[in-house]
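Notes follow once the structure below has been shown.
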Amino acid sequence: MAKSGIDTTRLQHLARAYTESATFFAALDFELFTHVEGGAGSVAELADAMDLLELDAERLVTACLSLGLLEWQNGRLANAPDAARFLVKGEPRYAEAWMTFTRPDVDNWFRMSEIMRSKREPTVLGMYADLTVDQARAYHSATYSIGMGAGRLFARTVDLTGRKKLLDLGGGSGAYSINAVKTYPDLEAVVLDLPPVIEVTKEYLAENGVSDRVSTLGADFTADDFPDDVDCAVMASNLPIYDEAVVAKVIKKAHEALLPGGEMHLVGEMVTDDRTGPLDAAMWGLFEALTGGAGKAHTIGQCRGYFEAAGFENVSDEVFVPGILHRVFGTKAG
């Protein structure tokens, strides 16, 4: 009888996937990629630069080579292209803060079974209910760089020519608004987020020189009123924090607030209608089980349905960042 070809390889990888994250974090702790970019191209040189036993340096280098984070070039170690771009300290796009953003959550991920068995009652805002200014500042210091990248992509992808005022729902650092007003000189924006977050938003607006064109409003968009003088709205990268009822309510409120002919964009971690991926979106939904929030992974079809139920016309969707973010959008009748 022919063998099925089914073995435990995939399951073993899942059982030990945490070792890859741990290796990645250790490499960042020792600034391995920074040292490689600075010319440390051998195990011995890296051991000296990282102040490690040569044996441990060899172990770490071997693991990073196997993970594709390092590669050989003419007999010397070199960073893989993405490592060179985002993991070298001092470079403009250094993203260590974002890469380690969820590191403090590791223990709770391994307590997931225990947390789920507690059957605690989820809340609308979850971990954000008692957010302080200091916590908001730490949060956005980690997410700002990746947010600015998404904001630049939004400004390039979505044509806001002729729009006058953008409502940025849960805008955090203001990354989408900052890039929108810089790209479209006639556009103004207002960032609506929780009061502690808005204190941090103001700092980023000042840093980018757009405080005169981007205003702020401290409010809870799940409960408070929206400005009614806007002709465009965006809700980005906070979708999995909320359940179906809240997202539907927010989209409906946005429709009511928009001027006739206005447009709405939902940019978020959505899964396909059969819930088979992307994995990143599914994991952000699962993370809410650890926070005490009511959020989950929403499907693309569900998100289109929120728009249609709210009264939006010309509802459509497209991939925004492959494997990470999707965009659903629609217009209000003129």
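At most 14 other Cβ atoms within 10 Å and a DSSP loop assignment: could you name the trypsin sites (Lys or Arg not before Pro) in the stretch 71-150 that fit? Could you put the intermediate results ahead of the total?
Working: sites: 76, 85, 89, 93, 111, 117, 119, 120, 137; in loops: 89, 93, 111, 119, 120.
Within the stretch 71-150, the qualifying trypsin sites (Lys or Arg not before Pro) (loop, at most 14 other Cβ atoms within 10 Å) are 89, 93, 111, 119, 120.
Between residue 220 and residue 118, the modelled label-to-label distance comes to 2.1 nm, taking each label 7 Å out from Cα in the direction of the beta carbon. Among the trypsin sites (Lys or Arg not before Pro) found in the stretch 207-303, those both in a DSSP coil and sparsely packed, with 15 or fewer other Cβ atoms within 10 Å of their Cβ, are 275. Too long at a 26 Å Cα-Cα cut-off: which of 164/332; 202/332; 89/165; 165/332? Violating the 26 Å limit, Cα to Cα: 202/332; 89/165. Restricting the stretch 95-173 to chymotrypsin sites (Phe, Trp or Tyr not before Pro) that sit in a DSSP loop and have at most 14 other Cβ atoms within 10 Å of their own Cβ leaves 110. Using the Karplus relation 6.51 cos²θ - 1.76 cosθ + 1.60 with θ = phi - 60°, the per-residue 3J(HN,Hα) values for the stretch 226-234 come to 9, x, 10, 10, 10, 10, 7, 9, 9 Hz, with x marking Gly and Pro.
Which value results when the Cα radius of gyration for the stretch 10-135 is divided by 2.2 N^0.38 Å?
Taking N as the residue count of the stretch 10-135, the ratio is 1.33.
Under a 5 Å amide H cut-off, with hydrogens placed 1.01 Å from N, residue 320 pairs with 325, 326, 327 among residues at least 5 apart or on other chains. Within the stretch 236-256, list the residues whose amide N lies under 18 Å from a label point set 7 Å along Cα→Cβ of residue 314. Counting only backbone N, you get 255-256. Annotation: amide H-H contacts under 5 Å for residue 230 (H modelled 1.01 Å from N, sequence separation of 5 or more, or interchain): 259. If you bin all the Cα-Cα distances of the chain at 20 Å, starting from zero, the percentages per bin are 27, 52, 20, 1. Close amide-amide hydrogen proximity is noted between residue 88 and 95, each under 5 Å apart and 5 or more residues distant or on a separate chain (H modeled in the peptide plane; Pro and chain starts excluded). Placing a pseudo-label 7 Å from each Cα along the Cα-to-Cβ vector at residue 280 and residue 56 gives an inter-label distance of 3.2 nm.
Quick one: Debye curve from the alpha-carbon atoms of the stretch 250-334 only, equal weights, vacuum; give me log10 I(q)/I(0) at q = 0.14, 0.22, 0.23 Å⁻¹ to two decimals. At q = 0.14, 0.22, 0.23 Å⁻¹ the computed log10 ratios are -0.50, -0.99, -1.04. Note that the stretch 174-191 has calculated 3J(HN,Hα) couplings of x, 4, 5, 5, 4, 6, 5, 6, 5, 7, 10, x, 8, 9, 10, 8, 9, 8 Hz, one per residue in order, obtained from phi through the Karplus relation 6.51 cos²θ - 1.76 cosθ + 1.60 (θ = phi - 60°); glycine and proline are x. With θ taken as phi - 60° and the Karplus curve 6.51 cos²θ - 1.76 cosθ + 1.60 applied, the whole-hertz 3J(HN,Hα) list for the stretch 243-258 is 8, 4, 5, 5, 4, 4, 5, 5, 5, 5, 4, 5, 4, 5, 7, 5 Hz, x standing for glycine and proline.
Coordinate-derived values only; no laboratory data. Worth saying up front: this structure is predicted, and the values here are computed from it rather than measured. Please note: Cβ atoms are built from the backbone with ideal geometry, for glycine as well, and neighbour counts cover all protein chains shown.
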